[in-house]
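Read-outs: derived from the displayed coordinates by stated rules, not from any lab. Just so it is clear, the structure is predicted and the values come from calculations on it, not from any experiment. Quick reminder, even Gly has a Cβ in these numbers, built from the backbone with ideal geometry, and neighbours come from all protein chains shown.
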Amino acid sequence: MPDKKITKRLLHNGMDLENWLCKQVEKTGTVEGVYSGFEIIVNDETAFPWAKVIRGLLQSHQEVWLRERNGNLVITTKI
């Protein structure tokens, strides 16, 4: 179970980072809090806001990894 206390403290321009990510990703993927970061599963590679999401994560001091799982691209992050 992710530690929501940790992920809720992460901010992007004053907004809770998890909420910010959900707002950016909308229907193009899913966002889950995991440990001290996030797992974002990309469902629509063409419409996904790649630059905005990656830049936001990096500006929020997240380390970012990209991999493929079950045919979907998955972005995994941690502080």
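Computed from point charges on the beta carbon alone (+1 for Lys and Arg, -1 for Asp and Glu), the dipole magnitude for the range 4-78 about its Cα centre is near 280 Debye. The count of lysine pairs in the range 4-78 whose Cα atoms are under 20 Å apart, excluding pairs fewer than 8 places apart on the same chain, comes to 11. Applying 0.36 nm per residue to the separation of Leu66 and Lys27 and subtracting their alpha-carbon distance, the gain on full extension is 12.1 nm. Taking other residues whose beta carbon is less than 14 angstrom from the beta carbon of Ile54, and scoring Lys, Arg as +1 and Asp, Glu as -1, yields 0. When you work out D = kT/(6 pi eta Rh) for the range 4-78 at 20 °C and 1.002 mPa s, using the Kirkwood radius from C-alpha pairs as Rh and the Stokes-Einstein form, the result is 176 µm²/s. How much net charge surrounds Val42 when only other residues with a Cβ under 14 Å from its Cβ are counted (Lys, Arg +1; Asp, Glu -1)? Result for the local shell: -2.
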